[in-house]
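The values are calculated or read from the model by the stated rules, or taken from the named source; none is laboratory data. The structure presented is a predicted model; accordingly, all values stated were derived computationally and were not measured. A quick note on method: Cβ atoms are made from the backbone with ideal geometry, for glycine too, and the neighbour counts reach across all protein chains shown. To get the accessible areas, we keep the full protein, side chains included, count just its heavy atoms, and leave off ligands, DNA and RNA. Shrake-Rupley method; radii C 1.70, N 1.55, O 1.52, S 1.80 Å.
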Amino acid sequence: MTEYDLLIDLHKNSARQGPGSDKDTLKALSFINIEKNKNLKIADIGCGSGGPTITLAKNLNGKITAVDLIPDFLLELEEKSKKLGLERKIKTLKSSMDNLPFNNQEFDIIWSEGAIYNIGFENGIKKWKDYLKIGGIIAVSEITWITNSRPKEIEDFWTHAYPEIDTASNKIKILENNAYSLIGYFYLTPNSWIENYYKPIENKLDAFRKKYADSKLAKKIIEENIAEIELYHKYKNYYSYGFYIARKNN
Ligand SMILES: C[S@@+](CC[C@H](N)C(=O)[O-])C[C@H]1O[C@@H](n2cnc3c(N)ncnc32)[C@H](O)[C@@H]1O
């Protein structure tokens, strides 16, 4: 089994594949002035098994194209949406977020929770802008420093893992430099990391360890997850996921 397959196995059958909550999705949505009864076109990019997608579908009129690279996650989302009677609102699409088969100015809203880092924040907001109507909204969550300085251990860890990690003011500048106007920002509380993301992973680790007892790669994945969780508990006052909601100006 490759590392990729092991990671999918660890993360499938979870409500979410990253920090976040229905409450956060709704809070981000509350910044958007949505015309009642407007039939919206929405893309949820890097949707995973669709935690955020389902919340959007329950709270918006229109159609959501839910994109991810991993078929197992998309299948889970399809099953969930059928159970909830939302299948007419959600269409899944297996595609890479850096090469999407979308048309110019196709969408009213582009949503992406905890996923844009895969192609980099600046690259992502530039690429996806083409698919947004003028006046359309982008809502993305992205790992963000929430203080201006921080201990070296956590600075080194995250800068190595994701060199684009930065403060909200610098991320907002990037949005402005690319002709977006910020309409809302907040960052996720520890509950969205611990209860909704890290605890479900911790609950799976024993079974995962037993299932892949002979795999060095699985051992590495377990160790990396434990280290990341420990660092979060130690340094959670210095970083979080920032949620950026912005309008495309032109
Ligand atoms: C941290 S998870 C977030 C999932 C979901 N948005 C959520 O909040 O639960 C990131 C997602 O991005 C997807 N992903 C990674 N690289 C991708 C790519 N190049 N194109 C599309 N999806 C990608 C992963 O499969 C994963 O489902």
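Taking segment 217-245 as the search range and keeping residues that are among the β-branched types (V, I, T), open to solvent by less than 30 Å² (accessible area, probe 1.4 Å) and more than 19 Å from the chain's Cα centre (by Cα), which one is farthest from S112 (Cα to Cα)?
Applying the filter and picking the extreme gives I222.
If I filter segment 229-250 down to residues being in contact (Cβ under 8 Å) with a residue 12 or more places away in the chain, outside any loop (DSSP other than H, G, I, E, B) and charged (D, E, K, R), which single residue comes out as nearest to D166 (Cα to Cα)?
K234
Mind checking whether some residue in segment 194-216 is outside any loop (DSSP other than H, G, I, E, B), buried (at least 17 other Cβ atoms within 10 Å of the Cβ) and among the charged types (D, E, K, R)?
Yes - at least one qualifying residue is present in segment 194-216.
So in segment 10-43, with the set limited to residues that are more than 23 Å from L93 (Cα to Cα) and surrounded by 16 or more Cβ atoms within 10 Å (Cβ to Cβ), which one is farthest from the ligand (Cβ to nearest atom)?
Per the stated criteria, the residue is I34.
Mind checking which pairs have a first residue in segment 102-128 that is over 13 Å from K248 (Cβ atoms) and among the hydroxyl-bearing types (S, T, Y) and a second that is away from the ligand (no atom under 14 Å from the Cβ) and open to solvent by 20 Å² or more (accessible area, probe 1.4 Å), Cβ under 9 Å, 6 or more apart or different chains?
Qualifying pairs under 9 Å: Y117/E164.
The rows are residues; the columns are (1) closer than 22 Å to G184 by Cβ; (2) buried (at least 18 other Cβ atoms within 10 Å of the Cβ).
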{"site": "N59", "(1), (2)": "yes, no"}
{"site": "T65", "(1), (2)": "no, yes"}
{"site": "P71", "(1), (2)": "no, no"}
{"site": "L75", "(1), (2)": "no, no"}
{"site": "K89", "(1), (2)": "no, yes"}
{"site": "T92", "(1), (2)": "no, yes"}
{"site": "D98", "(1), (2)": "no, no"}
{"site": "E106", "(1), (2)": "no, no"}
{"site": "Y117", "(1), (2)": "yes, yes"}
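Of all the residues that make up segment 44-78, how many are part of a helix (DSSP H, G or I) and either more than 10 Å from the ligand (Cβ to nearest atom) or farther than 15 Å from S141 by Cα (or both)?
Within segment 44-78, residues that are part of a helix (DSSP H, G or I) and either more than 10 Å from the ligand (Cβ to nearest atom) or farther than 15 Å from S141 by Cα (or both) number 14.
Restricting the search to segment 160-193, which residues are surrounded by 14 or more Cβ atoms within 10 Å (Cβ to Cβ), hydroxyl-bearing (S, T, Y) and either in contact (Cβ under 8 Å) with a residue 60 or more places away in the chain or not in a loop (DSSP other than H, G, I, E, B) (or both)?
Passing the criteria: T167, Y180, Y185, Y187, S192.
Being surrounded by 23 or more Cβ atoms within 10 Å (Cβ to Cβ), within 13 Å of the ligand (Cβ to nearest atom) and on the phi < 0 side of the Ramachandran plot is the requirement here; does L7 meet it? Even if it seems obvious, please write down each step before you answer.
Working: surrounded by 23 or more Cβ atoms within 10 Å (Cβ to Cβ): no; within 13 Å of the ligand (Cβ to nearest atom): yes; on the phi < 0 side of the Ramachandran plot: yes.
Criteria not met by L7.
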